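Please read the structure below before turning to the comments.
The values are calculated or read from the model by the stated rules, or taken from the named source; none is laboratory data. From a predicted model like this one, the values you see are computed outputs, not experimental measurements. Neighbour counts run over all protein chains shown; Cβ positions are idealised from the backbone, glycine included. In case anyone asks, the SASA skips ligands and DNA or RNA and just uses the protein heavy atoms, side chains included. Shrake-Rupley method; radii C 1.70, N 1.55, O 1.52, S 1.80 Å.
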Amino acid sequence: MLRFPDGFLWGAATSSYQIEGAGHEDGRGESIWDRFAARAGAIADGSDGSVACDHYHRWKEDIEIMKRLGLGAYRFSVAWPRVFPTGRWQYNPAGLAFYDRLVDGLLEAGIEPFVTLYHWDLPQPLEDAGGWAVRDTVNAFVEYADVVTDQLGDRVRRFITHNEPWCISVLGYAEGLHAPGRRDWPAALAAAHHVLLSHGLATAVIRENSPDAEVGITLNLVPAEAASSSPADREACRAFDGAFNRWFLDPIYGRGYPEDAIADHVAAGHLPSLELPFVHPGDLAIIAAPTDFLGVNYYSRAVLRSEVVAEADNAPRTVHLGDERTDIGWEVYPDGLRQLLMRVHRDYTPDAIYITENGAAYDTAPDEHGRIHDIERQRFLHAHLAASLEACRAGVPLAGYFVWSLLDNYEWQEGYRKRFGIVWVDFTTQERVLKQSASLYRAIVADNALPAIEPHPAHARRRVLQR
Ligand code: IFM
């Protein structure tokens, strides 16, 4: 057995738009994902989150599942359009009451609520007014954060301001792959800044409303390596790391935006000059507000080759080495998690780190007996937890791990076809079935330790035959 530190927090994560459904109930307003999902061709299977896992009605059943798994914590997000259907001014108590019930239900079950304030469902009226690309959205977010943390802050002990600012800004405003579906780099860089600024301002508000709570932000980070030792590939690697990782880590940890990455954006035509037009005096100090933890979401690494640095968009190409991929095409690379944790610890020294998401999309369906032998996911979890443990032993202050995800759910532009859950969801009947990975996870949580032997396809078959 490979033991984790005492007090290690074991959880599972979800987000509001991906699981709640109930898109029009109790006064919920329209979000940018409702609007984006309705756009022809935006979502692979043409679906939206209007029903999703129907968690809004089935939350008690879902808490029962968490209890069966023995989870210590549940990471979920609050849907802003439930609380402020038009983004600001008109507070909707019925919307926030849902989260009140959820928090109380979790606490009764002995599960810590770990609350994310923003996981991508911006109220559409705010987007109509310019979205994250305009500075006033910062004020709207801080007002929303104030109301939520004033209400829940007597019971919630850990708040995350934002989930994955890179996705919010770059996928949403530059690449058009996520809501609101814009393709405008200057807007994306302004959006990234406003998200970070709102994080810094909300941190102060949360501390006032909930003095005992810990506050952090979650970043999706990707360890980068050069495809070869050639200077050009190393340069591509530097550029990727600057735009993807350091662009967010550096300002949060008080270093401002990385100069090399600013220069890259200027060279690519994303910025008019080295002066960042959206940064006002005092902003960087606000963004660097001390936090209690960093949330790290890890899925895979990037291996960079230089050959397309000369292409129009000046983007280095990512190549994947290694044959093992999940159903979404991402390379399985567990050691990247160890490398990433070591690097964040070494370069930024957060007081604590939570892995707030880690998991894999595999479409393993129930067999004729209704059992789901998702051996690949079990191997994925085992290997990534082993990598996390190595980082712990090397001194990284890793305080917890949240598997992505508790349930199969709405995987954004992929629709319902990519299943990340340790619990299967039948999207027609809403039946939930625990996968074998859920059993493995339950055992790991109960022991606070990893079985020394990796899950193996042959073991999975034996277990089936013994039943
Ligand atoms: O489903 C998403 C989640 O919403 C944010 N992080 C990555 C996951 C898998 O793509």
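Among the trypsin sites (Lys or Arg not before Pro) in the range 127-199, those placed in a DSSP loop whose Cβ has at most 13 other Cβ atoms within 10 Å are Arg183. Against the criterion of solvent-accessible heavy-atom surface with a 1.4 angstrom probe, Leu337, Leu201 sort, most first, into Leu201, Leu337.
Here r is the Cβ-Cβ distance between Val279 and Asn448 and R0 is 30 Å; the resulting FRET efficiency, rounded to 0.05, is 0.10.
With a length cut of 30 Å (Cα positions projected on each helix's long axis) and a Kyte-Doolittle mean of at least 0.0, go through the chain and give me the DSSP H helices that pass. Kindly include the intermediate steps, with their values, before the conclusion.
Values: long enough: 185-209 (35 Å, 0.61).
Counting only whole DSSP H runs, the qualifying helices are 185-209.
Hey, what number do you get for the chain at 222 nm if only DSSP H runs of n ≥ 4 count, each worth -39500 (n - 2.57), divided across all residues, to the nearest 500?
Rounded to the nearest 500, it is -11500 deg cm²/dmol.
With both labels modelled 7 Å from their Cα along Cα-to-Cβ, the Arg39 to Asp335 distance reads 4.0 nm.
Here the chain carries DSSP beta bridges of which approximately 20% are antiparallel, counting only pairs with both residues inside.
First measure r as the distance between the Cβ atoms of Ala365 and Leu177, then evaluate 1/(1 + (r/R0)^6) with R0 = 30 Å and state the FRET efficiency to the nearest 0.05. Present the calculation step by step, with values, prior to reporting the outcome.
Values: r = 27 Å, r/R0 = 0.90.
It comes to 0.65.
How large a share of the accessible area of the range 142-282, in percent, is made up of carbon and sulfur atoms when the probe is 1.4 Å and the other protein chains stay in place?
Details: 2630 of 4990 Å².
For the range 142-282, the apolar C and S fraction of the accessible surface comes to 53 percent.
Ignoring ligands, DNA and RNA, how do Met342, Met1 rank by accessible area with a 1.4 Å probe, largest first?
Values: Met342 60, Met1 130 Å².
My answer, sorted largest first, is Met1, Met342.
So with the 1.4 Å probe, I'd like the accessible area per residue for the range 298-435, rounded to whole Å².
Details: 5210 Å² over 138 residues.
Value returned for the range 298-435: 38 Å² of accessible area per residue.
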